[in-house]
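Encoded as structure tokens, the structure appears first; notes follow it.
The values are calculated or read from the model by the stated rules, or taken from the named source; none is laboratory data. What you see is a predicted model; the values in this text were computed from it and never measured. Methodologically, a virtual Cβ is constructed for each residue, glycine included, from the backbone with ideal geometry; neighbour enumeration extends over all protein chains shown. These accessible areas exclude ligands, DNA and RNA; they are computed on the full protein's heavy atoms, side chains included. Shrake-Rupley method; radii C 1.70, N 1.55, O 1.52, S 1.80 Å.
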Amino acid sequence: MRWDLFCRVIDNWGDIGVCWRLAARLGAAGHTVRLWLDDDRALPWLAPAGAPGVEVRPWPADGAAEPVWPEPGDVVVEAFGCDPPAGFVSAMAAMAAQTRTGADSRRAPVWINLEYLSAEPYVERSHGLASPQWHGPGAGLTKWFFYPGFTARTGGLVQGDIAPDLRQQADDRLSAHGWQAQAGERSALLFAYDARPVPALLASLMRGGLGPRLLLRVAASGTLQDDVDRLLDVVRAPGERIGRARSAPGLRVLRLPPVAQTDFDLLLAASDLNLVRGEDSFARAQLVSAAPLLWQIYVQDDGAHAAKLDAWMRCAGLPPAATAWQRAWNGLGPLPQEPQEPQTQGVQTQEPRTPTATDWAAWAEAAAGHHRRLRADDCLVTRLTAFVAERRARAPG
Ligand SMILES: Cc1cn([C@H]2C[C@H](O)[C@@H](COP(=O)(O)OP(=O)(O)O[C@H]3O[C@@H](C)[C@H](O)[C@@H](O)[C@H]3O)O2)c(=O)[nH]c1=O
């Protein structure tokens, strides 16, 4: 099928990261995709080689004159409710009108709103719902909500071909760059918005079974690289990327440049712990790696991110110490080794508990189980194409 995928880059790299992954996967499955982007500045490093079947087209800035839009394809996907341009939607509506009057045998495109990923219960309830359009250029059309998710009653996750020997491939690739861990050293990938609790978190994790020696690979993170350097005391002599951390003995730090998304997957696959953020790196880490992950969630002004985090932790079956580390990483609770404040007068205070290697082992087991369950599911692209085929079958012509 021919797909038009609209992506508005709001901030960071999640919008383009999610859309590029979907576009590339659709292309790999034999579809053709026009990816309409309002900001393609990340593409030269995120997707330097492009992808078969995917053509990137500019989406003119708001207020700029709209181009003469080509005829819409079989499916139009707007990512995260980004509202495709009025001229394009008018063209969709015109196709639908001609189909209805029998003036044209082509089908109007199926219009999908690809939503945010969450493990919250509303996702199963809302997945696949119709949103009839009453006003504006799309009046008369129906937009369909498609929710990625972690269960069979959602749209699933973009999986694609994940090679069984990905970890080996990853280790080889990292060795070629000199980014590999040394013998007896574990490795973690840090991709974060905010580096504030990093040294204390790492010290706690290393005491809790991740140590005694750790290589921390710090991914490019946009604006926060300097913070990470300062907090971890990274040595910044020319050509020297190895550093040391103030509060975590046994830690070696490697600062990475931005890498292509396919290489980013290898970094995730090669690490014993992934500290990921946003949506795409978070989703990907649990698919390409059986190792534990810590998710730095995108903060929402109304605090809704806390419920979103809790829902995912339940779905991933995180054991107690992992839950505490996860909440602490997001500023939602203390680190496991810190004394707990009594909640109410008279209630016995929980003893401060230092995490142990058992905590790490329990977490690793839970993470591996969650990874296996996800990998047993089919790909979002399979579910999306089936969903589209069903809509087309119900509205023939
Ligand atoms: C560091 C790095 C990232 N990447 C890619 C991986 C991902 O596809 C992408 C990062 O996207 P994310 O992990 O989603 O994190 P993110 O935080 O960058 O993105 C987002 O989170 C969403 C929840 C918000 O709605 C978005 O607006 C956005 O903030 O960048 C590389 O390809 N190479 C790299 O070196």
Number of positions in the range 134-151 that are buried (at least 16 other Cβ atoms within 10 Å of the Cβ), out of contact with any Asp or Glu (no Cβ under 7 Å at 6 or more places or on another chain) and either under 30 Å from ALA97 (Cα atoms) or acidic (Asp, Glu) (or both): 5
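Matching residues to (1) in contact (Cβ under 8 Å) with a residue 24 or more places away in the chain; (2) more than 18 Å from the chain's Cα centre (by Cα); (3) under 16 Å from PHE146 (Cβ atoms); (4) open to solvent by 70 Å² or more (accessible area, probe 1.4 Å):
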position	(1), (2), (3), (4)
VAL18	yes, no, yes, no
ALA42	yes, no, no, no
PRO48	yes, yes, no, yes
ALA51	yes, yes, no, no
ASP62	no, yes, no, yes
Which condition number does GLY136 fail, the rest of (1) at positive phi; (2) at pLDDT 95 or above being met? (2)
Take the range 283-320 and flag every residue that is in a helix (DSSP H, G or I), buried (at least 23 other Cβ atoms within 10 Å of the Cβ) and of a type outside the set (Gly, Ala, Ser). ARG284, GLN286, VAL288
Note: among ARG125, ARG57, just one is open to solvent by 50 Å² or more (accessible area, probe 1.4 Å), touching a strand residue (DSSP E or B) at 6+ places or on another chain (Cβ under 8 Å), basic (Lys, Arg) and away from the ligand (no atom under 16 Å from the Cβ), namely ARG57
Among the residues of the range 4-14, are any assigned to a helix (DSSP H, G or I) and in contact (Cβ under 8 Å) with a residue 24 or more places away in the chain? yes
The lone exception for PRO72 - which of (1) over 17 Å from ALA389 (Cβ atoms); (2) surrounded by 22 or more Cβ atoms within 10 Å (Cβ to Cβ); (3) in contact with a Gly (Cβ under 9 Å, 6 or more places away or on another chain); (4) not hydrophobic (A, V, I, L, M, F, W, C) it fails: (3)
Those residues of the range 266-282 which are more than 8 Å from the ligand (Cβ to nearest atom) and open to solvent by less than 30 Å² (accessible area, probe 1.4 Å) amount to LEU266, LEU268, ALA269, ALA270, SER271, LEU273, ASN274, LEU275
Kindly indicate whether any position in the range 251-264 is crowded, with 21+ Cβ neighbours inside 10 Å, in contact with a Gly (Cβ under 6 Å, 6 or more places away or on another chain) and in a loop (DSSP other than H, G, I, E, B). no
So which residues in the range 106-119 are over 17 Å from GLU390 (Cβ atoms) and under 16 Å from the mean Cα position of the chain (by Cα)? GLU115, TYR116, LEU117, SER118, ALA119
Which residues, taken from the range 25-40, are within 22 Å of SER281 (Cα to Cα), buried (at least 22 other Cβ atoms within 10 Å of the Cβ) and free of Cβ contacts under 8 Å to residues at least 60 places away in the same chain? LEU35, TRP36, LEU37
Of the residues in the range 166-217 that are within 20 Å of GLN286 (Cβ to Cβ) and of a type in the set (Phe, Trp, Tyr), the one that is nearest to the chain's Cα centre (by Cα) is PHE191
Scope the range 7-36; condition closer than 14 Å to PHE88 by Cβ and either within 15 Å of the ligand (Cβ to nearest atom) or polar (S, T, N, Q) (or both); matching residues: CYS7, ARG8, LEU35
Go through the range 46-128 and tell me which strands (runs of 3 or more DSSP E), entirely inside it, have 1 or more residues that are within 15 Å of THR142 (Cβ to Cβ) and not β-branched (Val, Ile, Thr). 75-79, 110-114
Given the conditions (1) open to solvent by less than 10 Å² (accessible area, probe 1.4 Å); (2) away from the ligand (no atom under 16 Å from the Cβ), and given that ALA79 satisfies all but one, which numbered condition is not satisfied? (2)
